[in-house]
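No value in this document is a laboratory result; all are computed from the given coordinates. For clarity, every value in this text was computed on a predicted model and none was experimentally measured. Reconstructed Cβ throughout: ideal geometry from the backbone, glycine too, with neighbour counts over all protein chains shown.
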Amino acid sequence: DVKVTQSSRYLVKRTGEKVFLECVQDMDHENMFWYRQDPGLGLRLIYFSYDVKMKEKGDIPEGYSVSREKKERFSLILESASTNQTSMYLCASSSIAAPYEQYFGPGTRLTVT
Amino acid sequence: GESVGLHLPTLSVQEGDNSIINCAYSNSASDYFIWYKQESGKGPQFIIDIRSNMDKRQGQRVTVLLNKTVKHLSLQIAATQPGDSAVYFCAAANNLFFGTGTRLTVIP
């Protein structure tokens with residue numbers, strides 16, 4: 001079974017803090033993705049990566065950065081958290097053979113106060 | 001840019017009935033569409049996909065129909081069960097754009 005794990009299910013941070021969200025997949029997938037999910041807006045792609053040390057901006061990269069030092073791990077970084085970054089964050093991975101068949105983690109609900 | 005949306009934010013069906021969830025898209029260049037199911041408290045789960053050179057694709061209890069003329073696709077669930085209660089998303093794969101989802105509620 002493909003497994004995508006995220007470091008926390010719930011996280012509460014203060015405005016201005018630096019926040020790290022970690023994602024690990026165990027299927028040796030080349031592709032990894034970070035989305036945020038908000039009511040009425042659906043899933044929106046923040047960043048994705050097709051290989052180690054490689055990253056591409058998605059639709060809403062502002063205020064975020066990412067890091068992929070190892071194939072199995074993809075980190076999302078909020079350099080200075082703001083209240084409008086309160087959201088559900090979802091990580092996903094997929095293989096080159098089936099790039100659009102994404103496997104999602106359970107999500108991290110981040111609250112910035 | 002791409003716009004993918006679902007016709008209804010909510011849908012309620014009786015257990016055992018068939019469900020039809022609709023989705024519209026705007027970009028004719030979209031060549032691949034995917035349906036995901038998201039249960040409460042979980043991440044989305046891949047259900048089925050369809051390429052633009054197909055009109056229909058069937059899976060286990062699910063069928064996806066694609067009408068390129070009107071830029072519309074639908075997900076049909078046969079004999080809907082309580083475990084089918086979830087939010088369903090369609091996505092255009094060429095730009096990973098997800099719609100806002102339809103919440104399907106199955107009434108026992």
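Report the calculated FRET efficiency for A:Lys71 and B:Arg51 (r = Cβ-Cβ distance, R0 = 30 Å), to the nearest 0.05.
Values: r = 28 Å, r/R0 = 0.94.
Result of the calculation: an efficiency of 0.60.
Can you tell which of A:Glu22, A:Glu69, A:Glu30 shows the greatest fluctuation in a Gaussian network model of chain A with Cα springs below 10 Å?
Its mean-square fluctuation being the largest, the pick is A:Glu69.
If you take each beta carbon of peptide B:32-42 and count the beta carbons of other chains within 10 angstrom, what is the mean? Provide the component values of the computation, followed by the final result.
Working: counts 2, 1, 3, 0, 5, 0, 5, 0, 0, 4, 5.
Whole-number average of other-chain Cβ neighbours for B:32-42 is 2.
Across the residues of A:43-53, average count of Cβ atoms on other protein chains within 10 Å? If you can, show how the numbers build up before the last one.
On the way: counts 12, 3, 4, 0, 0, 1, 0, 0, 0, 0, 0.
Other-chain Cβ atoms within 10 Å of each residue's Cβ, averaged: 2.
Which pairs break 23 Å Cα to Cα here: A:Lys3/A:Lys70; A:Lys71/B:Lys37; A:Lys18/A:Lys57; A:Lys3/A:Lys71; A:Lys55/B:Lys71?
From A:Lys3/A:Lys70; A:Lys71/B:Lys37; A:Lys18/A:Lys57; A:Lys3/A:Lys71; A:Lys55/B:Lys71, over 23 Å: A:Lys71/B:Lys37; A:Lys55/B:Lys71.
Tell me, what is the percent relative contact order of chain A, built from C-alpha pairs under 8 Å that lie six or more residues apart? Working shown, then result.
On the way: 299 pairs, mean separation 41.1, N = 113.
The value is 36 percent.
If I model segment A:44-107 as equal point scatterers sitting on the Cα atoms and use the Debye formula, what is log10 I(q)/I(0) at q = 0.17, 0.21, 0.27 Å⁻¹?
Taking Cα atoms of segment A:44-107 as identical point scatterers yields -0.62, -0.94, -1.44.
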